[in-house]
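The values are calculated or read from the model by the stated rules, or taken from the named source; none is laboratory data. All of these numbers come straight from a predicted model, not from anything done at the bench. Here the Cβ positions follow ideal geometry from the backbone for every residue, glycine too, while neighbour counts run over all protein chains shown. The protein model used for the area step is the full one, side chains on, heavy atoms only, and it has no ligands, DNA or RNA in it. Shrake-Rupley method; radii C 1.70, N 1.55, O 1.52, S 1.80 Å.
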Amino acid sequence: MVVDPVCKKEVDEKTALGGKARFWGKVFFFCDKKCRATFQRDPQKFVSKEDAEKEPGYDPRMFIGDM
Ligand SMILES: [Zn+2]
């Protein structure tokens with residue numbers, strides 16, 4: 001299980017209804033499309049740079065992308 005960064009609910013990666021989005025090289029999963037849209041409007045509100053930098057896949061050039 002992972003945590004939806006927007007509403008902080010637990011989401012199963014395999015069945016995430018909101019799909020997933022990539023930000024700074026990390027993949028996030030969402031409980032529904034509304035959460036994903038909220039995240040994609042302003043991802044930096046939900047992910048701190050310090051946390052992102054700890055991720056092995058961190059890449060600031062990879063700002064955001066649909067998956
Ligand atoms: Zn959510």
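Can you give the accessible area per residue of the chain, in Å², using a 1.4 Å probe?
67 Å²
Over the chain, what is the mean sequence separation of C-alpha contacts under 8 Å (at least six apart), divided by residue count, expressed as relative contact order in percent?
Result for the chain is 35 percent.
Please give, to one decimal in nm, the separation of the simple spin-label points placed at D12 and E55, each 7 Å out from Cα toward the Cβ.
2.3 nm
Which percent of the accessible area of region 2-66 is formed by carbon and sulfur heavy atoms (probe 1.4 angstrom)?
Its accessible area is 51 percent carbon and sulfur atoms.
In Å³ and rounded to a whole number, note down the convex hull volume per residue for the Cα atoms of the chain.
Taking the convex hull of the Cα positions in the chain, it is 79 Å³ per residue.
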